[in-house]
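Okay, so here's the structure we're looking at.
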Amino acid sequence: MIEVKDLYKSYAKGKVNALNGITFSVEDGEVFGVIGPDGAGKSSLFRILASLLLPDSGVAVMNGHDVVKDYRKVRQIIGYMPGRFSLYQDLSVEENLTFFATLFNTSIEENYHLIKDIYQQIEPFKKRRAGALSGGMKQKLALSCALIHKPEILILDEPTTGVDPVSRKEFWDMLGRLKEQGITILVSTAYMDEASRCDRIALIREGEFIASDTPQGIIDSYSGILWSVEGDRMSAMLTALRDHSAVKTSFAFGDKIHIAVADGLQAGELKQYLAKKEFSDVRIAPIKPTVEDCFMALTNE
Amino acid sequence: MKTLKFLIEKEFKQMFRNPLIPRLIVLFPTMVLLVFPWAVSFEIKNIRIDVVDHSKSTYSKRLTDKVSASQYFILHDTPPDYNTAMLNMENDKTDMILEIPSSFDVDLVKSRDSEVGVAVNSVNGTQGLLGSNYIMQIVNDLSSELRGELTQTLPPQLRASMMHMPKIDIVPQYKFNPALDYKNFMIPGFMVLLLTILCGILPALNIVMEKENGTINQINVTPVSKMNFILAKLIPYWAVGLVVMIISITLSLLIYGLWPAGGVIAVLISAIVFILSVSGLGIIISNYSETMQQASFLVMFFILILVLLGGMFTPVSSMPAWAQWIAAINPFNYLTDTFRMLYLNGSTLADVSGNLLALGVIAVILNGWAVFSYKKRG
């Protein structure tokens, strides 16, 4: 169980506030996602929880061990995977894994069952140097190394950044299986679409949690009316929509535009408005909000 | 211990897997011992000289011949007047001008006293100083020769009184380095430089590389103690340093016939004490730098201080007082001195114990600081 209370952290002698009072807790065997844009404070939070960074104030307890006072104990029970690939590029896959196993006084064989699923996929390349692996394989190796000492808590800092969509999906499937083995997982990501793979998520912005709930709970709390708009000349249309008084927010979402509209606005009305501005072939449909829509709405409040 | 052994294994694995480091470890001492001692020398030879001979007499001819016969000078020209010679110097065709007055021979015979003028290009200070010294030696040499000869021409009674006049010749004996060979003087210094770079600089850069690659984060979340981590970084380079030291001692015996008169064991023991202190300095540098660029810059800075204020090129005793204070805490200075004592003076371990004690104290202070400033978290 992770218990965090009122964490504050600032850099540059207090000029830059990375964390502004973070409080949350994660239950045993839960997958907890911290979701937010770059620079929101995710890495600072995770580095504090991994005992690599000292907080200015506040308490963080990992399975009963304080990250400041009992940092030695904390390091025994956590597996930390930094955002950047941080294994020895000049050592082979197998050498990296053996290295971290030995440092924790264990061996690959002893905990092979934990990493079997993941490691099997890179085992054919075990003599290859880590630096020569593809992005997806590097992530698998890093996860294997973080798991090799059988941690109780996994801290994964943006594990899927820079990884292709197929590998990303595989990665989340692997996390699902680790959860089944009772490992508590704290994971951060900038990809909002990964939120639904978590048991609970927290949306972080400028060092603060702006919402924290199950993914469904976050979506359910969305109160507005959301439409998607499709058509030609999307970027011009985005500007046009922003000029409309009944459109509260509008932002590009893949190849569509998501708009939050005021009560009482009819789709036909909006179509006419756009037609006047010479946007033809416009399709408008009401949609269910996603986590990203919720994040945008909360950010605009 | 098991962890330490494993960490050291990993360091060696990485060291030999690096395409550059193993080659450099061989190439570097070879280069330093084969090439530098010949190039870095304060011996000034082949000074180009113009002789302006106004006298054109037998004596002035003898002086000119003596100058051109010397291994230090190359007679460039004998221009008719000083201005032509000066023009040569301005155009960098000659380095020195020796001007012999027209009354040279008359003065010598009649008043037994004459003067010659010397002008020397002192843009290169060492060349200027040594060049004028060499010329002085040659002129003195000639004057004592002439003195002996001219005495013969005197009337007997005068000759007798002349014989009683004291005649002082200075005959220098170059102790400990009889041939006055600068290579013998520089090689011990170069050995110290090798040790500084291999045992002080390389491990420091290695640690900073772990920081820059982020691998230190992964190490820091393991139960590895900071002592083990640092020791595992240092021990491989200590081993390399000692191996290179043995190679250097052998090479300088084979190539230059230079063998430590004070004993090879004494050389190795002092090297070990030095290695301990200089690796402390390396760790401090690595603790205060986050990137390779910062570390490299600090390294350049310290290497210059260590070498230039360490008595390798210029004697510490001729430095201003504040520089001598820096030299007093400079480990480089102590080992250079120790190596020269062991190699050239034939001192024993007991003679250099003062230096070794100083090195030991510096080692304790630097390493204490290194451990203190090493943080496992930010």
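What follows draws every value from the coordinates through simple rules; no lab data is involved. Keep in mind the model is a prediction, meaning the values are calculated, not measured. Note that we place each Cβ from the backbone using ideal geometry, even for glycine, and neighbour counts take in every protein chain shown.
Quick notes
- In chain B the longest region clear of chymotrypsin sites (Phe, Trp or Tyr not before Pro) that are loop-assigned by DSSP and have at most 16 other C-beta atoms within 10 Å covers B:177-312.
- Selected from A:Ile284, A:Ile77, A:Ile219 as most flexible by GNM, with chain A as the system and alpha-carbon contacts under 10 Å: A:Ile284
- For segment A:2-219, Kirkwood radius (reciprocal of mean inverse C-alpha pair distance, Å): 17.6 Å
- Annotation: amide H-H contacts under 5 Å for A:Ile225 (H modelled 1.01 Å from N, sequence separation of 5 or more, or interchain): A:Val261.
- Placed amide H near B:Ile47: partners under 5 Å, 5+ positions off or other chain: B:Phe73, B:Ile74
- Computed lengthening from B:Leu357 to B:Met31, 0.36 nm per intervening residue step minus Cα-Cα distance: 114.2 nm
- Counting neighbouring Cβ atoms within 10 Å and putting the fewest first, the residues A:Arg233, A:Arg47 line up as A:Arg233, A:Arg47.
- Among the trypsin sites (Lys or Arg not before Pro) in segment B:313-378, those placed in a DSSP loop whose Cβ has at most 14 other Cβ atoms within 10 Å are B:Lys375.
- Sequence of A:Ser144, A:Ser196 once ranked by neighbouring C-beta atoms within 10 Å, starting from the fewest: A:Ser196, A:Ser144
- Alpha-carbon centroids, segment A:271-298 and segment A:1-67: separation in whole Å: 37 Å
- Kirkwood Rh, angstrom, segment A:225-300 [1 / mean 1/r, Cα pairs]: 12.4 Å
- With both residues required to sit in segment A:2-219, DSSP beta bridges show an antiparallel share near 55%.
- Mean partner shielding of peptide B:6-18, defined as the number of other chain Cβ atoms within 10 Å of each residue Cβ, is 3.
- Counted over the protein assembly as shown, the DSSP beta bridges are approximately 60% antiparallel.
- Candidate lysines - alpha carbon under 23 Å from B:Lys61, same-chain residues fewer than 8 apart omitted: B:Lys45, B:Lys93, B:Lys110
- Segment B:306-326 versus segment B:231-273: alpha-carbon centroid distance in Å: 24 Å
- Dipole magnitude for chain B: about 1900 debye, using +1 per Lys or Arg Cβ and -1 per Asp or Glu Cβ, origin at the Cα centre.
- Calculated [θ] (222 nm, deg cm²/dmol) that DSSP helices of n ≥ 4 give over chain B, each run adding -39,500 (n - 2.57): -21000 deg cm²/dmol
- Partners for A:Lys276 among lysines (Cα-Cα distance below 24 Å; same-chain residues under 8 apart left out): A:Lys248, A:Lys256
- Extension gain, B:Glu115 back to B:Tyr374 (0.36 nm per residue minus Cα-Cα distance, nm): 86.5 nm
- The mean number of partner chain beta-carbon atoms within 10 angstrom of a residue's beta-carbon across peptide A:48-55 is 3.
- Between amide H atoms placed 1.01 Å from N, distances below 5 Å from A:Ile210 occur with A:Leu203, A:Ile204, A:Arg205, all of them 5 or more places distant or on a separate chain.
- Net charge contributed by nearby residues that have their C-beta within less than 10 Å of A:Phe24 (K/R +1, D/E -1): +1
- Normalising the Debye intensity of the protein assembly as shown to I(0), with uniform scatterers on Cα atoms only, and taking log10 at q = 0.09, 0.12 Å⁻¹ returns -0.91, -1.24.
- Across chain A, the relative contact order, built from alpha-carbon pairs under 8 Å that are at least six residues apart, equals 20 percent.
- Computing FRET efficiency as 1/(1 + (r/R0)^6) for B:Asp77 and B:Val123, where r is the C-beta to C-beta distance and R0 is 25 Å, gives about 0.80.
- Per-residue shielding of B:208-221, expressed as the average number of other chain Cβ atoms within 10 Å of the residue Cβ, stands at 6.
- Most mobile of A:Val68, A:Val93, A:Val261 in a GNM of chain A (Cα contacts under 10 Å): A:Val261
- Relative contact order %, chain B, counting alpha carbon pairs below 8 Å whose residues are six or more apart: 18 percent
- Taken one residue at a time, the phi angles of segment A:39-53 give Karplus couplings (6.51, -1.76, 1.60, θ = phi - 60°) of x, 7, x, 4, 5, 4, 4, 5, 5, 5, 5, 8, 6, 8, 9 Hz. Gly and Pro are set to x.
- Residue-by-residue Karplus 3J(HN,Hα) for segment A:167-172, coefficients 6.51, -1.76, 1.60, Hz, glycine and proline x: 5, 4, 5, 4, 4, 5
- For the pair segment B:78-109 / segment B:43-77, the C-alpha centres are spaced 10 Å from each other.
- Normalised by the number of residues in segment B:189-336, the average gap of Cα pairs under 8 Å and 6 or more apart makes the relative contact order 35 percent.
- Choice from B:Leu193, B:Leu33, B:Leu129 with maximal GNM fluctuation in chain B (Cα, 10 Å cutoff): B:Leu129
- Here chain B is scanned for GluC sites (Glu not before Pro) in DSSP loops (not H, G, I, E, B) that have at most 15 other Cβ atoms within 10 Å, and the longest stretch holding none of them is B:116-289.
- Extending 7 Å from the Cα toward the beta-carbon at both A:Asp193 and B:Leu254 defines two label points whose distance is 6.6 nm.
- Partners for A:Lys9 among aspartates and glutamates (Cα-Cα distance below 13 Å; same-chain residues under 8 apart left out): A:Asp56, A:Glu206, A:Glu208
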